[in-house]
Each structure stands twice: as C-alpha cells, then as structure tokens.
Amino acid sequence: MNILKVITVNKVKPLKWSELVLLFGVPTILNLLACRVAIPFLVSKKIFPIEISYFLSVGLLVLAPMFFGAIYLSSKEINSSKLKDILNRMRIKSLSKTDIVWTIGGFIFLSLFSFLIANFLLPVFNVDANPFFFRNMPLDENHFWIIYVWPLFFFFNIFGEELYWRGYIQPRQELLNKKLTWLIHGVLWAFWHLPMGLNLIYSAVPIFFILPGIVQIRKNTTISIIIHFVFGAFGFLVLALGLVH
C-alpha cells in the first residue's frame, strides 16, 4: 500500500495544448479585468492610492485564485489533501548544494541582466520601466504607509504565481513541450503580464525565461520561489524608498 501511495502521489499527468492555453488564458483574462477595469474603477472613486488599487484588484481577482487554484488542482490530480503530498507534487523541496549554487547564480544573472536592460537598453527606446500602477514611487510621507500593507499582497504575488506556474503547470508542461518548455512557458508567462503594460514586459524579459529554465533543469520549484521572492522584494523596496529611479 505504501508503494502504491508513493506512485499515486508522484504521478504527473501530461498537459494537452488546449489545457495549457486554458490554464494560462484564464488568469490572463482575469489580469486584464483587474488592470483595465478594476484598477481604473477604484482609482476613479479616489478612495485608495493607485498602488493599493493594484494590490486589491490583482491580488483578489488574480493572484489569490491562482494560489488556491494551484493547491486545489494539485490535490485533485494526486487524490490527496495532505500538505506533504501536495508539496511533493509541486516539486517544492529542500535545496541541495547544487540547488543553492543555481539559486545564487540565477539571482545574480537575473539581477545583472535586468540592470543592463533597465539602464542601457530601455533608455535608448525612451521606455519607462515603472508600471502604471506605481505612480507614487518613490513613496513620500503621505504614501509611506503603503509599505506596511504590501507584504500581504506580496505573499500572494510570489506564491500565487510560483505555485501555479512552476508548481502545478510546469511539471505537466514538461511532458508536453519537452526541451522547449522553458521557452514556451516564458512566452505565455510574459503574455499574462501584458495587461500590466509593455514597459513592464520589456524590463522583465530575463525573469520570464530564467526561472522556468532553472526549474526545468533542477526539477525544484523552491529555487524559483526564492529567486522570485528576493528579486521582487528588492525591486519593490528600492523603488518605494527611492534608492533607484
């Protein structure tokens, strides 16, 4: 029975192309509604700064459903609601020494590549790397409180995306797209960001392909969670505090 249980938990069902399009398409539509309908609506009411309107709209309409959806779909696939089994299905595991090297190296490469794009490539085309929903950056004393409510959104930002994209979808996608998974996954992930503006996509090109590439090689979603968390937190804080422009 124990052997049978392990086999059942570890079994990953390959995706079909129609399923892949659906799994990326639904969150993209939700993101479009959040960015182009919900955020402008909240901003028009002049209740919250646009950053909070972004947190509420994208957080509640997109990221939270992705977070809970990833857990539900993984649980349903393996027919188990045990946390250990779900984490195993999502390939969330401890880091080996080699994984640590990949994590540090991936973060350094991502940071360097992003810095070069933001400081040398985007200015050539007169592209502002800041997304439209960060209008009050850097935060002045009237908006500094935004930093204190940001962590809740950030939790769903990182874990909603990573559990859904790399945890649930990518293991199944690798059985469909084989060696090209990182490329196709990156393109679809970039497409999901489209409602947030092309300037965001231009500046985020490295992360779209580096994270799925590393996960595909190492088969460990923990690596992408850590890189995404540190890179995202660092990016937001230095922007909010006015350390970079």
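The values are calculated or read from the model by the stated rules, or taken from the named source; none is laboratory data. In this text the structure is predicted, and so the values were computed from the model without any measurement. A quick note on method: Cβ atoms are made from the backbone with ideal geometry, for glycine too, and the neighbour counts reach across all protein chains shown. Surface areas here come from the heavy atoms of the whole protein model, side chains and all, with no ligands, DNA or RNA. Shrake-Rupley method; radii C 1.70, N 1.55, O 1.52, S 1.80 Å.
What the table below lists for this structure:
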| read-out | value |
| --- | --- |
| Filter result for L87 (in contact (Cβ under 8 Å) with a residue 12 or more places away in the chain and surrounded by 12 or more Cβ atoms within 10 Å (Cβ to Cβ)) | no |
| Selection count where residues are over 30 Å from E51 (Cβ atoms) and open to solvent by less than 70 Å² (accessible area, probe 1.4 Å), scope region 99-123 | 2 |
| Residue selected from region 226-243 under the condition over 18 Å from L112 (Cα atoms) and open to solvent by 20 Å² or more (accessible area, probe 1.4 Å), by the criterion modelled with the highest pLDDT | L241 |
| Region 136-148, subset closer than 11 Å to I52 by Cβ and in contact with a helix residue (DSSP H, G or I) (Cβ under 7 Å, 6 or more places away or on another chain), residue modelled with the lowest pLDDT | N136 |
| Only listed residue being out of contact with any Cys (no Cβ under 9 Å at 6 or more places or on another chain), surrounded by fewer than 21 Cβ atoms within 10 Å (Cβ to Cβ), among the aromatic types (F, W, Y) and free of Cβ contacts under 8 Å to residues at least 24 places away in the same chain, chosen from F191, F155 | F155 |
| Residue count for region 194-225, restricted to those that are within 21 Å of W17 (Cβ to Cβ), open to solvent by 20 Å² or more (accessible area, probe 1.4 Å) and either polar (S, T, N, Q) or without any contact (Cβ under 8 Å) to a residue 60 or more places away in the chain (or both) | 2 |
| N126, sole failed condition from (1) at pLDDT 95 or above; (2) open to solvent by 60 Å² or more (accessible area, probe 1.4 Å); (3) on the phi > 0 side of the Ramachandran plot | (1) |
| Subset tally (residues that are open to solvent by less than 20 Å² (accessible area, probe 1.4 Å) and over 13 Å from W165 (Cα atoms)) for region 65-76 | 0 |
| Residue in region 172-185 that is nearest to N31 (Cα to Cα), counting only those that are buried (at least 21 other Cβ atoms within 10 Å of the Cβ) and under 16 Å from the mean Cα position of the chain (by Cα) | H185 |
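For every residue, the table says whether it meets (1) open to solvent by 20 Å² or more (accessible area, probe 1.4 Å); (2) over 30 Å from V149 (Cβ atoms); (3) of a type in the set (K, R); (4) more than 21 Å from the chain's Cα centre (by Cα).
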residue: R36; (1), (2), (3), (4): yes, no, yes, no
residue: I52; (1), (2), (3), (4): no, no, no, no
residue: L63; (1), (2), (3), (4): no, no, no, no
residue: I78; (1), (2), (3), (4): no, yes, no, yes
residue: K93; (1), (2), (3), (4): yes, yes, yes, no
